[in-house]
Structures are given as C-alpha cells and as structure tokens.
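Below you'll find the structure, written out as structure tokens, and then a few comments.
Values in this text are rule-based calculations from the coordinates and carry no lab data. The structure presented is a predicted model; accordingly, all values stated were derived computationally and were not measured. Backbone-built Cβ (ideal geometry, glycine too); neighbour counts: all protein chains shown.
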Amino acid sequence: MARMKFLCDADRCIECNACVTACKNEHEVPWGINRRRVVTINDGRPGERSISMACMHCTDAPCQAVCPVNCFYTTADAVVLHSKDLCIGCGYCFYACPFGAPQYPKVGNFGSRGKMDKCTFCAGGPEADNSKAEYDKYGSNRLAEGKLPLCAEMCSTKSLLAGDNDIIAQIYKERVVKRGYGSGAWGWQTAYRETIAS
Amino acid sequence: MTALLATRLKTSLKACRLLLATLALVGLAALAQPASAQQPNAPQPNSVNPTASSVKEDQLLQQMRIIHGRGTIPDAKSYNLEQPAGRDWRQFHEVTLPWIGAIAVLGMLAALVLFYLIRGMVKVVAGRSGRTILRFNALERFVHWMTASCFIVLALSGLNITFGKRLLLPLIGADTFATWSQWAKYAHNFLSFPFTLGVVVILLMWIAWNLPSKVDLEWLKEGGGIVGDKHPPAQRFNAGQKMIYWIVVVGGGLVAATGYLMMFPFYLTDIAGMQLAQIVHGVVALLFVAAMLGHIYIGTIGMEGAFEAMGTGEVDLNWAKQHHSLWVEQELAKPRGEAPPSRAAPHPAE
C-alpha cells in the first residue's frame, strides 16, 4: 500500500492560494473553515517563503492519540480520517495537532464547536465511497476514483505534491539535484520524523 | 643544403608539437570547467541560490516553538505554520494526566478503605444528647448541595474525557459512547455556571470562619482527632474543614477559570495558552476529585452525626461539643429568645 503524503516545495510556491480555493470548492467546505492555507514567513523581507499547509496525515498522529472518543482512524494508504458521527467537538485534536489542521464550525453559543473538519487527503470518510452522506460530511472522495488530491493536482507551479512517499520524494530529490538547491520538505520532520536530504 | 633543410624541418616539427600540446592543455581545461559546474549541489558561480538567504525550517523550529507567518484568510490561528508543542501536550494528556489521575483517585480510595477498616466510624463519644443545634442554615445547605451536585456531574463527565475511552468505550461500543460523551460534554459546559456561582458564594459565605488561626495549629498537632481518640478544640470549621474550604475555593476557581478559557477557545489565549489551560484544568480537577472523595467519606460513613450538618442542618449537641467545642461555646453564649437589636420591638396598641 502507498504511504500518502503532501510535500510543498517552498522554492516553487508563489502564494497564489489556488490550492486553498480548489479545496474549498471541491469539498464544499463550510464557511469559515479552510482545510488548506498558505502561510508566508518573513513576508516582504529578503528570504521570504510561502508554504501551503494542511493536515499532513502524520505518522502516529497526535490528533488520533488524544481524541477522547477515538473518532480517528488511519487508512491503509496512511491517510488520517475521522468520523463526524463520533466527534463531540471537544477541540483536543486542535491542541495536539502540530499543523493547526482541525477546525470547527461554530454551531452555538459559548463558542461551542460543532463536528471537527479537516483535510481528508480527498479520501472522504467512513461512509460508503462517493455516497451522498460521505460528500455532505467530508466532501468528495477522489482517492476512491483513482485521483490524487485536487490541491496538488492543479497547483500551477507544481510546488505542492501529493501522493505516495517514494514517488513524491523522488520527484523532489530530482528537482533539488537539477536546480542545485532546495529548502527541504517543510513539516516532514514534525509529521513523519524524517526528512528529505537536500 | 639538405642538412640545413633537415634542421629547419626538425625545429618546425618541434614547434608544432609544442603548439599541439598547449592546445590540448587549454582544451582539457576548457572541458573540465563545465564538467565541475554540473556536479550536484554545486551551483554555477553566477547562478542564484534562493535557499542560501531564505528562512529554513529547522532553524526556525530551533529559534521558536511556533513557526508563525502571515496568511490571507480571517482565521488568525491558521497563520501558525507549525506548532510542534502539540506533541508535548499529547504526552501529557495521554500519559502523564491518566497516571496522575489514577494515582490520586485510586490512591485516595484505597487510603479511605484502609482507614475505614482500621479506624472505623468516628462515634459520638458521649452518645447522642437528643438536643440539636443549628449548624448550617437553609441558604448554606442549598449552596453546598448546588455546588456538590454540579461537582459530581462535572467530575464524572470530566473523568470520562480522560478515562472514558479506556474504561467505558470497550464496554458500550463506539456509537453509544460517542452519544454519551456528547451529552456529558454539554452537561460539563452548562453545569459549570451553577458550579462557579456556588464556588463564589461559598467563598463569600464562609470566608469569615475559614481564616487560619492558632487553634488550627493545635488541632493539626493533635491529628485532628482523626488519628487517635483525642478531640482537640475547634471553631466552627476545624483545620481540616478549612483545608477543604480552600481546596474548593482555590481549586474551584482554577478549574473554572481554565474551563472558561477552553469553553471560549482562543478568545484570550493562543495555542500555548490553550494547552496550558487544559493541563492546569486536568491536574487540578483530578486532585480536586481525590480531595472531595475524602470530604464525602468523612461527611458520611467516616463520622457519626456528621451528615446531619448538611442534611437537616441540625447537629446533635454532643457531636458539636466533641468536634467544634469553641463554636458551641460561642453559640450557647449568644443571648437567646431576644429580638435582634436591628428589628424594632412591636409597640402595643395605644
């Protein structure tokens, strides 16, 4: 089975935010929630970098570990998914997540949180693949259709890569060799305890 | 003539060889130049390496606990690119906190069972007198039971967050457990308001009798009559009760403050503050539960005649003399049957 990962080549990201928009549109993500976002560090200063970030589908995911109702599960492709039927909106996965991926729609008073929503690696949820129930809760299931996540598929500079670890790591390594530099796979050390030598 | 020609030819051949050798050297050098430039990771002298001057992830992670940038969506929390401290919080929440809780709660239960087996119920030594004295009025009892009943629900729903998936989930299944946990969370959120009100009223209502005094030192030296058969003098609240009071006020205040930080997430704190709030909330709450187990024990099966204080509000005079001698003296010394000076005496009709 594949080991699905995201890799954002920071030397290529031009902060166009098309990944953010594509994701919101593809999954009909609720208002106020962005499963993917682009963060710019040192904005406007020399050495600035933009990185597109979403759930990294961590190895031994912290969200999964801290969930009080065990609503998370990791698929055979190493994609970290969750059940909105089980989620109680306690907010603990956000406290544990190193990437700030889980988000909650505001559904009531006292800032009370609804069911958590996060990037699914375009792999839906526990419902039947591409069923209406799955789409309503988690958005489309492109993986079940044999397609990769849309954010990476339509990235204009091919900065964002999504797919099996071995393949995207190989693509990135070749890029680094060819152009002679690379700022590394952002987030990999935190998410997978490994990095790509650059 | 031929000899001269031969010599000339030799010199020109030599010159040719020299030229060829030089050409070859220059050519080699020219060939060698691009070859070295094409080696991986060795940029051409005039090319730009953007990563040389750019921010680097490992460097940023070493410098700060959170890699923060700028974003284009309204949610300011999303401007944190990486916040690996979540992993430390996970360690606390999944390992440290359950251990603290298990040791505190189970340890307290074990100690109480052991204590009950050794000491048994603390009896009223002189026997019941049949006469009673008012210890807690209706308002005090109401506030106590409002706070107490909220505390029990808050404690159970809180314990469920830490221990439920380990103890209850395997028994009742994922769906039932999720439904129960959802309702438990609602109860936890909403009952926090009467609980907090109760803590505030308790603070104001009883603080006058809960300031430490010299009597408390004596009481503590004598073991409070809990260990041994002595019954050292005590005021309305003995040192042990004063401790419970301050545990409720300080502990209750801490769990309330950190609880509201979590109920209104990110209004006042950032992610580090939220993690810290949960850590304080969890630890204080579990120690609070352990302390309240002791309080419940001594108020029920641990001591004869104690429950009545919060039950009917009237305690037996002999119980009061045994446990709160100084308070009883004060109460009995109060003038009885006289109208309080503030109330005007009724005038006979003229």
Worksheet, complete the sentence: Relative to chain A, whose Cα atoms define the longest principal axis, helix A:18-27 and its Cα axis are tilted in degrees, nearest 10, by 30
Worksheet item: Reachable aspartates and glutamates from residue B:165, Cα under 19 Å, same-chain residues fewer than 8 places away excluded?
Response: A:60, A:85, B:94, B:175
Fill in: Footprinting exposure proxy for A:138, A:192 (fewest neighbouring C-beta atoms within 10 Å first)
A:192, A:138
Discussion item. Below 19 Å, Cα to Cα, which aspartates and glutamates can residue B:214 reach? Residues fewer than 8 away in the same chain don't count.
Written reply: B:222, B:329
Discussion item. I'd like the distance between the alpha-carbon centres of the range B:142-176 and the range B:196-221, rounded to an integer number of Å.
Written reply: 28
Response to the item:
The residues A:145, B:57, B:314, A:153, sorted from fewest to most surrounding Cβ atoms within 10 Å, come out as A:145, B:314, A:153, B:57
Worksheet item: When averaged across all projection directions, what area in nm² does the alpha-carbon convex hull of the range A:4-192 cover?
Response: 11.3
Worksheet item: So how far, in whole Å, is the C-alpha centre of the range A:1-49 from the one of the range B:59-123?
Response: 31
Worksheet item: If the chain between residue B:63 and residue B:138 were fully stretched, how many nm would it gain, using 0.36 nm times the residue separation less the Cα-Cα distance?
Response: 21.1 nm
Worksheet item: Mind checking which lysines have their C-alpha under 16 Å from residue B:221, skipping anything on the same chain fewer than 8 residues away?
Response: B:230, B:242
Worksheet item: Label residue B:73 and residue B:331 with points 7 Å out from Cα along Cα→Cβ: what is the distance between them in nm?
Response: 6.3
Item to complete: Report, to the nearest 10°, how far helix A:165-179 tilts away from the longest principal axis of the Cα atoms in chain A, using its own Cα long axis and a range of 0 to 90°.
Response: 30
Worksheet item: Of A:67, A:119, A:16, how do they rank once you tally other Cβ atoms within 10 Å and put the fewest first?
Response: A:16, A:67, A:119
Fill in: Karplus (6.51, -1.76, 1.60) ³J(HN,Hα), θ = phi - 60°, over the range B:118-131, in Hz, Gly and Pro reported as x
7, 8, x, 6, 6, 8, 7, 4, 7, x, 6, 7, x, 9
Practice prompt. Would you compute, from DSSP H runs of 4+ residues alone, the mean residue ellipticity of chain A at 222 nm, taking -39500 (n - 2.57) per run and dividing by the full residue count, rounded to the nearest 500?
Written response: -6500 deg cm²/dmol
Worksheet item: Of A:24/A:132; A:115/A:147; A:5/A:106, which ones are farther than 20 Å apart at the Cα?
Response: A:115/A:147; A:5/A:106
Worksheet, complete the sentence: Whole-Å distance linking the alpha carbon centroid of the range B:298-328 with that of the range A:69-141 is 54
